[in-house]
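Asks: I have a structure I would like to understand better, so I am pasting it below and will then ask my questions one at a time.
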Amino acid sequence: MQLFKPKELMASAGDMMMLYSDSGVGKSVTTIQTAPDPIIYIMAEGRDVTKMLAAAQRPDVKIAFGFYSTFDDLIETVLTDHFFEGAKSVVLDSLTHIMGINLSDEIVEESYEAMDKNKIDKTLTMRVKMSQEGYGTLGGQMLRLTNALTKLSSQGMVVICTARAESAPKFNRSLAAAPALKGREYLKYFAGFFDFIGYCEPRIIDGKVIYPPYVSFQDDGSFMSKWTGIMPEGGVFKRILNIQKILQVAHGKGVIKSEEEKSQ
């Protein structure tokens with residue numbers, strides 16, 4: 001065991017943040033706009049990143065993209081220190097897609113390949129059916145991934161994971177919104193990995209959705225949120241999303257202003 005003084009810990013500390021919302025709110029574009037760069041952006045969804053870059057309007061941003069191929073490749077990449085050398089932010093977009101589509105498909109396909117095909121009556125059904133064992137594997141592998149991401153955070157990087165929003169999630173039906181994630185085992189523990197969990201909502205001006213969106217790291221009991229650090233005056237409910245400013249405030253190095261204060 002090694003002992004560290006507070007100044008040593010602060011010098012090497014990073015942050016883990018989850019941003020979740022409905023589709024199209026602008027969390028991915030705003031992450032590119034406001035995360036500390038250089039940024040390594042790992043895209044798990046099949047979207048055109050050039051459109052995101054154009055919408056971000058940050059022409060001088062230092063960013064490199066990686067694209068999901070398999071879960072094993074993703075884990076190996078996250079555990080390879082030199083891959084992230086020089087990065088200040090690492091973005092994983094999105095946990096929902098990895099869990100609900102990419103990794104789930106790989107687990108189902110692996111299970112199907114191991115079955116005795118002669119005893120299967122409903123071939124198509126079995127190819128998309130997740131077993132209890134499969135859900136256990138899903139949760140365990142996602143815990144493995146998230147734990148690996150925390151190691152990047154401990155090296156001083158800001159790690160940002162995005163997710164879709166889900167209404168009345170299975171782990172808490174009373175919530176109007178929470179990250180859309182699968183696997184009972186993962187749902188028990190995932191919040192503990194993150195310093196910040198923010199629910200993003202659209203900003204609408206003259207009937208148009210504009211970026212950046214609102215973000216809330218403080219809730220009224222109707223959605224999931226988390227804030228770790230110095231709480232600013234006025235709280236962190238429905239603030240304009242700016243990752244660098246949010247982290248500065250949490251570490252006692254800045255002030256978040258509301259839209260009303262900005263207009264004065």
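Asks: Here is the link list: K170/K226; K88/K245; K208/K245. Which ones come out longer than 21 Å on Cα distance?
Replies: Violating the 21 Å Cα-Cα cut-off are K208/K245.
Asks: What does the charge add up to near H251, with Lys and Arg as +1, Asp and Glu as -1, over the other residues with Cβ less than 13 Å from its Cβ?
Replies: Here the charged neighbours net out to 0.
Asks: Taking every pair of alpha-carbon atoms in segment 149-252, give the share separated by more than 18 Å as a whole percent.
Replies: 53 percent
Asks: Separate question: Debye calculation, C-alpha points only, no solvent: report log10 I(q)/I(0) for segment 24-83 at q = 0.19 Å⁻¹, in the same order as the q values.
Replies: At q = 0.19 Å⁻¹ the computed log10 ratios are -0.76.
Each value in this text was obtained by applying a stated rule to the coordinates, not by laboratory testing. Values in this document were obtained by computation on a predicted structure and should not be read as measured data. Virtual Cβ from ideal backbone geometry, glycine too; neighbours counted across all protein chains shown.
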